[in-house]
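Have a look at the structure below before the remarks.
The values are calculated or read from the model by the stated rules, or taken from the named source; none is laboratory data. None of the values given here were measured: they were computed from a predicted structure. Quick reminder, even Gly has a Cβ in these numbers, built from the backbone with ideal geometry, and neighbours come from all protein chains shown.
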Amino acid sequence: MADKTKAKQPHSISTVGKIYLILYNLILVIGWSYILCLLTRYYLTNDFSGQSLWDTIKLSLIIYQNAAVFEIFHAIGGLVRSNPVITTFQVFSRVMVVCGVLIATPPAVAAASIGLPIALFSWSVTEIVRYGYYFANLVGFVPHFLVWLRYTTFIALYPIGITGELLCFNAAQQFAQRHPDLWSYALPNTWNVTFSYHYLLLFVMFLYLPLFPQMYLHMFGQRKKILGTGSSKTQKVH
């Protein structure tokens, strides 16, 4: 559950706003490229001998994945034309994986799952293409191959990313089931409320069933709209 709704650049965007968005998207391209580089080096070299993958990418992932939260404020403030509600739900999914699963459980749990490298690969390639596409639109030069990548790579990367995310969620929920006190609040208590971290994880996993197909089919619709005519014409975004 990753991609934000395509956002068109408002006609009234100020010069300062445009410069900010250019820098924002450029920084995210660089950030996710760095994460992909770390992932590649971790598995193909001995540069991080003795370290886990989570130790290697933890800080960078926290910074650049949580930077997506700014997109909610971009939408709310009218800096882009994204729907704030949809953007919030889409950003929440990955932030939940990073903060609510990977950070919230011990390093030997979700962070040690095979789902982490799977999700990282999908996220990094997807975001390099997505933010690169937004950046290119803002500077007024969008190569057709970038348009093609934006509306084609998702076909494989979205299911791969979802698989990685769900594997991380599953590792976390299994651990939470064995440790019911983890991030949970049981009755009786002063506030007379109860909260189960385990059931929260199960609930979020369940949400993937109705939401992922809608997002996936939406992107196919956008692909047909943008690439179906064979035109290299693009629409302004971010």
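Among the residues of the range 33-60, those identified as in a helix (DSSP H, G or I), over 18 Å from LEU102 (Cα atoms) and among the aromatic types (Phe, Trp, Tyr) are TYR34, TYR42, TYR43. Residues being in contact with a Cys (Cβ under 8 Å, 6 or more places away or on another chain), within 30 Å of ALA176 (Cα to Cα), modelled with pLDDT of 95 or more and not hydrophobic (A, V, I, L, M, F, W, C) are entirely absent from the range 53-64.
Counting only residues that are more than 17 Å from VAL29 (Cα to Cα) and surrounded by 23 or more Cβ atoms within 10 Å (Cβ to Cβ), the range 125-153 holds 0 of them. If you filter the range 179-223 down to residues that are within 28 Å of VAL109 (Cα to Cα) and of a type in the set (Gly, Ala, Ser), you find that the one that is surrounded by the most Cβ atoms within 10 Å (Cβ to Cβ) is SER196. When the residues of the range 79-93 are filtered to those that are surrounded by 17 or more Cβ atoms within 10 Å (Cβ to Cβ), touching a Ser or Thr at 6+ places or on another chain (Cβ under 8 Å) and more than 18 Å from ILE162 (Cβ to Cβ), the one that is modelled with the lowest pLDDT is SER82. If VAL193 satisfies all but one of (1) part of a helix (DSSP H, G or I); (2) free of Cβ contacts under 8 Å to residues at least 12 places away in the same chain; (3) more than 18 Å from GLN90 (Cβ to Cβ), what's the number of the condition it fails? Among (1) part of a helix (DSSP H, G or I); (2) free of Cβ contacts under 8 Å to residues at least 12 places away in the same chain; (3) more than 18 Å from GLN90 (Cβ to Cβ), VAL193 violates only (1). Scanning the range 102-124 for residues that are out of contact with any Phe, Trp or Tyr (no Cβ under 8 Å at 6 or more places or on another chain) and either under 20 Å from VAL29 (Cα atoms) or surrounded by fewer than 20 Cβ atoms within 10 Å (Cβ to Cβ) (or both) gives ILE103, ALA108, ILE114, ILE118, ALA119, LEU120, PHE121.
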